[in-house]
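Read through the structure below, which is laid out as structure tokens, and then see the notes.
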């Protein structure tokens, strides 16, 4: 029996690619034939994947094919045409309205992705989503047999050494406010800038916003937030766009930070929340989309993103040692619950019921 996975783009270090690789290893360990098929892949991953249109042998009715769905691709129609039993793991699509004014092509792809997601509904036997928010989206579209299947997190990698140089570079007298995520309109980086501006002007000039994440996905948006920081008279030592960095540097920034703040208005899961728990970093996050269920009882959920209120809350979290200790402990408890879920065994049970 074959249990194959379809991934539009197979990237090294990508959350979806890492999950597909981990699941393939588990399935092979249980005696199943299992491959990852993709449309494109990073150089060096040729031995770890197969090209869907060139190398995918037609499966039989007893086989199972799993599509990781996060963007539109020819794999949607490819899955529909197969004779195998079908499952999807839904990783969410950011709504088009976040991109319409900045990137019409990205908005078009978002709308197309939503259309393809709807078109898959009658053909899917098992519907998995990496958050309750995503599961509800599937249920609202009429998908049957829906379940939460939390995102794979490779906890072992977070025990690797950090960059001492990067840590010491930013671990000074300033309050370090950290955000991790690509520079995209739904992340609302402009609201983080307003928070730091208020903090600098009314609470203390010793503050720094550190934003870690790709800057080239939405160049015009990135330029706009850089310009905004300049118009708010924030100096390079007060706001730093780090870009995409190696793991050892990212770990250093988590450890050097005083608080993680997310004012993002759309998240399908939000892995940096889990990463903050791993590094005992207190969290303040806007209660939007998947954030409340990913955060659970860890951190502070806010309903109001007014810059003054968020800045005052940042100051309270950073300087109230009792509150900070409670937040760290709540993060550890939530992390234990996350780790306790036997995701691979759960998947095998659900696949066995098809």
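Hey, among the residues in segment 149-159 that are in a helix (DSSP H, G or I) and touching a residue at least 12 places away in the same chain (Cβ under 8 Å), which one's nearest to residue 121 (Cα to Cα)?
Checked segment 149-159; the qualifying residue nearest to residue 121 (Cα to Cα) is 155.
Looking at segment 11-33, I want the residues that are touching a residue at least 40 places away in the same chain (Cβ under 8 Å) and have a partner that is exposed (fewer than 13 other Cβ atoms within 10 Å of the Cβ) with Cβ atoms under 8 Å, at least 6 apart or on another chain. Which pairs are those?
18/154; 22/154
Okay, residues lined up against (1) surrounded by 13 or more Cβ atoms within 10 Å (Cβ to Cβ); (2) in a loop (DSSP other than H, G, I, E, B); (3) outside the structural domain of residue 246 (by TED's automatic domain parsing):
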position	(1), (2), (3)
105	no, no, yes
116	yes, no, yes
134	yes, no, yes
137	yes, no, yes
147	yes, no, yes
165	no, no, no
168	no, no, no
195	yes, no, no
198	yes, no, no
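For residue 88, are the conditions met, namely being within 21 Å of residue 128 (Cβ to Cβ) and either part of a helix (DSSP H, G or I) or free of Cβ contacts under 8 Å to residues at least 60 places away in the same chain (or both)?
Taking the combined requirement at face value, the residue satisfies it.
Report, by residue number, each residue of segment 324-340 that is in contact with a strand residue (DSSP E or B) (Cβ under 9 Å, 6 or more places away or on another chain) and either farther than 24 Å from residue 153 by Cα or not in a helix (DSSP H, G or I) (or both).
324 - this is the single residue of segment 324-340 that is in contact with a strand residue (DSSP E or B) (Cβ under 9 Å, 6 or more places away or on another chain) and either farther than 24 Å from residue 153 by Cα or not in a helix (DSSP H, G or I) (or both).
Looking only at residues in segment 1-20 that are in contact with a strand residue (DSSP E or B) (Cβ under 7 Å, 6 or more places away or on another chain) and assigned to a helix (DSSP H, G or I), which one is nearest to residue 351 (Cα to Cα)?
Result: 20.
Quick test for you: out of 71, 39, pick the one residue that is in contact with a helix residue (DSSP H, G or I) (Cβ under 8 Å, 6 or more places away or on another chain), modelled with pLDDT under 95 and either over 30 Å from residue 342 (Cβ atoms) or not in a strand (DSSP E or B) (or both).
Selected residue: 71, the only one of 71, 39 that is in contact with a helix residue (DSSP H, G or I) (Cβ under 8 Å, 6 or more places away or on another chain), modelled with pLDDT under 95 and either over 30 Å from residue 342 (Cβ atoms) or not in a strand (DSSP E or B) (or both).
How many residues are more than 14 Å from the chain's Cα centre (by Cα), assigned to a helix (DSSP H, G or I) and closer than 21 Å to residue 313 by Cβ when one looks only at segment 270-291?
Final tally of qualifying residues: 1.
Looking at residue 267, is it part of a helix (DSSP H, G or I), in contact (Cβ under 8 Å) with a residue 12 or more places away in the chain and surrounded by 13 or more Cβ atoms within 10 Å (Cβ to Cβ)?
Against the criterion (part of a helix (DSSP H, G or I), in contact (Cβ under 8 Å) with a residue 12 or more places away in the chain and surrounded by 13 or more Cβ atoms within 10 Å (Cβ to Cβ)), residue 267 does not qualify.
The values are calculated or read from the model by the stated rules, or taken from the named source; none is laboratory data. Keep in mind that this is a model prediction, so the values were computed, not measured. For neighbour counting, all protein chains shown are included, and Cβ atoms are generated from backbone atoms with ideal geometry for every residue, glycine included.
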